[in-house]
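The values are calculated or read from the model by the stated rules, or taken from the named source; none is laboratory data. In this text the structure is predicted, and so the values were computed from the model without any measurement. Here the Cβ positions follow ideal geometry from the backbone for every residue, glycine too, while neighbour counts run over all protein chains shown. To get the accessible areas, we keep the full protein, side chains included, count just its heavy atoms, and leave off ligands, DNA and RNA. Shrake-Rupley method; radii C 1.70, N 1.55, O 1.52, S 1.80 Å.
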Amino acid sequence: MGQPQQPDEAEAGAQAEAAADRPPLGVGMVGYAFMGAAHSQGWRTAGHVFDLPRRPVLAAVCGRDAGAVRVAAGRLGWAAAETDWRALIARDDVDLVDICTPGDSHAEIAVAALAAGKHVLCEKPLANTVEEAEAMAEAAEAAAARGQVAMVGFNYRRLPATSLARRMVAEGRLGALRHVRVTYLQDWLVDREFPLTWRLRKESAGSGALGDLGAHIVDLAQYLVGEPVTGVSALTETFVRERPLLSGASSGLSAAGGGESGPVTVDDAALFTGRFASGALASFEATRFATGRKNSLRIELNGEKGSLAFDLERLNELHYHDGTEPGTHAGFRRILVTEPDHPYLDAWWPPGHGLGYEHTFVHQARDLVHAIAEGGQPLPSFADGLQVQRVLAAVEESAEKNSVFTPIAS
């Protein structure tokens, strides 16, 4: 297969002119820290890489600190800054509201934005409670009847390798699935002196590693399998129950603490088994105490005809075992997911030139713009986010009841 041709100067100019003529899609973003920066890069880049039916315009970003949000607007490429999310929603130049705040504000902002006629993108997990997620899903369903869309930001669906894995499972390459095992391991809380940021407070974050990391792996597993988890048996633990109070602003996963301390009110780790609707068995582990692991997400699916394995630290690769081949030369083989006919890659680089973490947010923006322009409902939907929230709630309930098997509410 030949390498994709890069446009010459005349073609590039014509493409730029055509893109400028596309109707704009005004984006307003609430929050500008770690996820806000990632989403900003996605919005800035998508229209320069993909041939989009509408042109994303970074209209305004919102944060509570007027000085800090003005600096963020300049750094991240937003045209204006707001300090009240209600004012952002009310702007005539905002068609879509992108929510990158802690989970305690997701429901209020999303429901208000949908009621105001805006499209919505909301970071995961969808909410802090099942009740909030139900209200968001109901609002999204009502908005869909008015032609609005609402999507939750599970970005790991949008890696070319995981998208290819989903395609292979749907094609029956693995046959009936038997096992799914997933781990998501980080270590940024190993230090007992790491301060009590919002991610360690239940009232802000909803849960700890369970919601932060567990939500990702539950969604990814359900996406790849193509069916829901129906029940779980779980353990959770908080290893460090007191931490120094935050002494200043936090940035991403970095922060500094002071002399006084306060209680950690979320889990540090969650370990649970589960069952899919088809009877396939699953194991999940999410922790922020895996010393030496920075952002290690691994998933393996075993079926009657074959297996797939993916490692986020090698995100341009997918490992596949075809169990129908003769044993004399069968085994796992590496698929380098960089070909133009792999998901998303027809718009990027020649074969062998890999992508990175940030590209998932570009693909997220691309898919959402297409859904809005074409009148479709994007996935994962708020209903999908609600399903994940119900799994997380069942994990907490099971852990509180000494790991009793707990069905997922419907």
Original post:
Across segment 169-180, which residue is farthest from the chain's Cα centre (by Cα) among those that are closer than 14 Å to Tyr223 by Cα and crowded, with 18+ Cβ neighbours inside 10 Å?
Top reply: Leu177
Original post:
Of the conditions (1) small (Gly, Ala, Ser); (2) open to solvent by 30 Å² or more (accessible area, probe 1.4 Å); (3) under 17 Å from the mean Cα position of the chain (by Cα), Gly354 fails just one. Which one is it?
Top reply: (3)
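Please determine whether any residue of segment 145-163 is under 30 Å from Pro244 (Cβ atoms), in contact (Cβ under 8 Å) with a residue 24 or more places away in the chain and open to solvent by 20 Å² or more (accessible area, probe 1.4 Å).
Step one: filter segment 145-163 for residues under 30 Å from Pro244 (Cβ atoms), giving none.
No, segment 145-163 has no match at all.
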Subject >> Members of segment 312-338 found to be more than 20 Å from Glu300 (Cα to Cα) and within 24 Å of the chain's Cα centre (by Cα), listed by number >> reply: Thr338
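Can you find, within segment 318-351, the residue that is most open to solvent (accessible area, probe 1.4 Å) among those that are of a type in the set (Val, Ile, Thr) and touching a helix residue (DSSP H, G or I) at 6+ places or on another chain (Cβ under 9 Å)? It would help to see each step written out before you state the result.
First, the residues of segment 318-351 that are of a type in the set (Val, Ile, Thr): 324, 328, 335, 337-338.
Filter once more, so that each one left must be touching a helix residue (DSSP H, G or I) at 6+ places or on another chain (Cβ under 9 Å): 335, 337-338.
Values: Ile335: 35, Val337: 2, Thr338: 5 Å².
Among those residues, the one meeting the criterion is Ile335.
With Ser381, Ser398, Ser403 as the choices, which residue is out of contact with any His (no Cβ under 8 Å at 6 or more places or on another chain), farther than 25 Å from Glu300 by Cβ and among the hydroxyl-bearing types (Ser, Thr, Tyr)?
Details: Ser398 fails: farther than 25 Å from Glu300 by Cβ; Ser403 fails: farther than 25 Å from Glu300 by Cβ.
Only one candidate passes the filter, namely Ser381.
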